[in-house]
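Asks: Just dropping this structure here.
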Amino acid sequence: MSEIKVTQKKVFFKKLKWDKHYWKNNWILYLLLLPTLIFFATFHIMPILKMRLAFEDFRIIGANEWVGLKYFKMLFASPAFLSVLKNTAIISTMKLVLLMPVPILLSLILNELKTGKYRKYVQSVIYLPHFLSWVVIAGIWISLLSFNGGVNQMMGFFNMPSIDYMTSKTHIRWILLFSEMWRSAGWDSIIYIAALMKINPALYEAARIDGATKLQQIKFITLPELIPTIITVFILNLGFFMSAGFDQVFNLMNDSVISVIDILDTYVYRIGLVGGQYSFSIAASLFKGVIGIVLIFSTHYVAKRISGKGLW
């Protein structure tokens, strides 16, 4: 027994010595990571600690007064909140259902491109919009789809009536959908391309020997191998279901369409930062966060029970 303890001590001190050596050689990497840690601590951890303001009456001078569920009752009784909740659900569902297959399809197409230079060119083009801010993207889409924009000028050339898409309640949600697709589909496909690269080439070779067509290879090899990645991405996206894209909506919103694209984040921005109702806005944010957590855990549980694969 004593020999075992001595051996354990030697292993412990040897590991400790290695750890010191490791930190000494890699401290610069962790120093570079420090700004990211500060960012997440400031904007993601500290706000959690301040969520108690949702249950207090905020006062600039003096101590806050505990009011319990007062602001939550006001929130659920507000017609404006129910309207933005409906808009958030509609826009998020459109993005979740209609956008998620696009990067998967795009990754399958890129995976079939055999020419290296052409593939790199295509990837560079479709990745580029991801690095543009929504201010720039909104300017591009507004210049194209406004009443005097490029699309209407082209329609006028063919004697077709002009439509101000940016003020049309019928079209604005679809503009949100397609502008998000243009910006993020290429970048999101990287995840699936990485998953495709991990598939054993011997599976495709065996399928070709058995006479499987390209579509059959995709159906019986590629897609089943992508299922764990698809499930993981779906669960993570569902966690942001109540965040329908503040930057996008804020930059594309105007008075004519605010009733159909006003979402929870823009609502919180108006009543909190603009209106000064801090406790009320924090109650709305807390509600959004709780719904996101519930969606993640429930979807993970269902996916685990059905397919045996989940987020963890």
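The values are calculated or read from the model by the stated rules, or taken from the named source; none is laboratory data. Everything quoted here is computed from the prediction, not taken from an experiment. Heads up, the Cβs are rebuilt from the backbone with ideal geometry, glycines too, and the neighbour counts pull from every protein chain shown.
Asks: If you go through segment 286-299 one residue at a time, how many are more than 17 Å from the chain's Cα centre (by Cα) and touching a residue at least 12 places away in the same chain (Cβ under 8 Å)?
Replies: 2
Asks: Considering only residues that are within 12 Å of R173 (Cβ to Cβ) and not aliphatic (A, V, I, L, M), which ones fall in segment 238-261?
Replies: G245, Q248, S259
Asks: Go through segment 251-276 and report how many residues are in a helix (DSSP H, G or I) and not acidic (D, E).
Replies: Of the residues in that region, 16 qualify.
Asks: Being exposed (fewer than 13 other Cβ atoms within 10 Å of the Cβ) and under 30 Å from I296 (Cα atoms), is that true of even one residue in segment 198-216?
Replies: yes
Asks: Give the residues of segment 251-284 that are without any contact (Cβ under 8 Å) to a residue 40 or more places away in the chain and touching a strand residue (DSSP E or B) at 6+ places or on another chain (Cβ under 7 Å), sorted by residue number.
Replies: none
Asks: Test I291 against the stated conditions and say whether it is at pLDDT 85 or above, farther than 30 Å from H171 by Cα, part of a helix (DSSP H, G or I) and not hydroxyl-bearing (S, T, Y).
Replies: Taking the combined requirement at face value, the residue does not satisfy it.
Asks: Is at least one residue of segment 183-195 assigned to a loop (DSSP other than H, G, I, E, B), at pLDDT 90 or above and under 25 Å from F241 (Cβ atoms)? Even if it seems obvious, please write down each step before you answer.
Replies: Step one: list which residues in segment 183-195 are assigned to a loop (DSSP other than H, G, I, E, B), which gives none.
Looking for residues that are assigned to a loop (DSSP other than H, G, I, E, B), at pLDDT 90 or above and under 25 Å from F241 (Cβ atoms), one finds none in segment 183-195, hence no.
Asks: Looking at segment 58-67, can you tell me whether even one residue there is outside any loop (DSSP other than H, G, I, E, B), out of contact with any His (no Cβ under 6 Å at 6 or more places or on another chain) and not assigned by TED's automatic domain parsing to the domain that holds D188? Give the derivation first.
Replies: Residues of segment 58-67 that are outside any loop (DSSP other than H, G, I, E, B), as a first pass: 65-66.
Restricting the remaining residues to those that are out of contact with any His (no Cβ under 6 Å at 6 or more places or on another chain) gives 65-66.
After this cut, where a residue has to be not assigned by TED's automatic domain parsing to the domain that holds D188 as well, the list is 65-66.
Scanning segment 58-67 turns up at least one residue that is outside any loop (DSSP other than H, G, I, E, B), out of contact with any His (no Cβ under 6 Å at 6 or more places or on another chain) and not assigned by TED's automatic domain parsing to the domain that holds D188.
Asks: Moving on. When the residues of segment 274-312 are filtered to those that are under 30 Å from N64 (Cα atoms) and hydroxyl-bearing (S, T, Y), which remaining residue is surrounded by the most Cβ atoms within 10 Å (Cβ to Cβ)?
Replies: So the residue we want is S281.
Asks: Among (1) assigned by TED's automatic domain parsing to the domain that holds V102; (2) among the aliphatic types (A, V, I, L, M); (3) touching a helix residue (DSSP H, G or I) at 6+ places or on another chain (Cβ under 6 Å), which single condition is M166 missing?
Replies: Answer for M166: the failing condition is (1).
Conditions tested, residue by residue: (1) part of a loop (DSSP other than H, G, I, E, B); (2) farther than 23 Å from I137 by Cβ; (3) touching a strand residue (DSSP E or B) at 6+ places or on another chain (Cβ under 8 Å).
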site: Q216; (1), (2), (3): no, yes, no
site: S243; (1), (2), (3): yes, no, no
site: V249; (1), (2), (3): no, no, no
site: L286; (1), (2), (3): no, yes, no
site: W312; (1), (2), (3): yes, yes, no
